[in-house]
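Colleague: Below you will find the structure I want to go over with you.
Only the coordinates and a few stated rules stand behind these numbers; no lab work does. A quick note: this is a predicted structure, and the numbers were derived from the prediction, not measured. Cβ coordinates were reconstructed from backbone atoms using ideal geometry, including for glycine residues, and neighbour counts include every protein chain displayed.
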Amino acid sequence: MTHSIPEAVYLSTKIVVMSPRPGRVTDIIASTLADERPLDIRETPEFLAIAARVREGLRAGHSYEE
C-alpha cells in the first residue's frame with residue numbers, strides 16, 4: 001500500500017483506488033505496463049495515462065455528491 005501515485009503505478013500490476021471515509025473501492029486499474037520497468041518509463045504516455053486515471057479516481061472519491 002502506498003499514498004504515492006507514481007510509486008503505485010511504477011510498482012503495481014493492479015491499483016485499487018479507494019474513497020475516503022467510509023473507505024470504498026472506487027476503481028481497480030490493471031496496469032498495462034511491461035513487467036520490466038526502467039525508471040524512464042515514468043515519462044511515457046502510457047504511464048502518465050494510468051497515473052491520471054488514479055488521480056481522477058481519487059478526486060471523484062472526494063466528491064460529496066452521491
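Colleague: Applying the selection to the stretch 25-55, what residues are surrounded by 10 or more Cβ atoms within 10 Å (Cβ to Cβ) and either part of a loop (DSSP other than H, G, I, E, B) or at positive phi (or both)?
Modeller: Passing the criteria: S31, T32, L33, R37, T44.
Colleague: Could you tell me which residue of the stretch 25-66 is nearest to S4 (Cα to Cα), considering only residues that are free of Cβ contacts under 8 Å to residues at least 12 places away in the same chain and small (G, A, S)?
Modeller: Step by step, filter the stretch 25-66, then rank; the result is A52.
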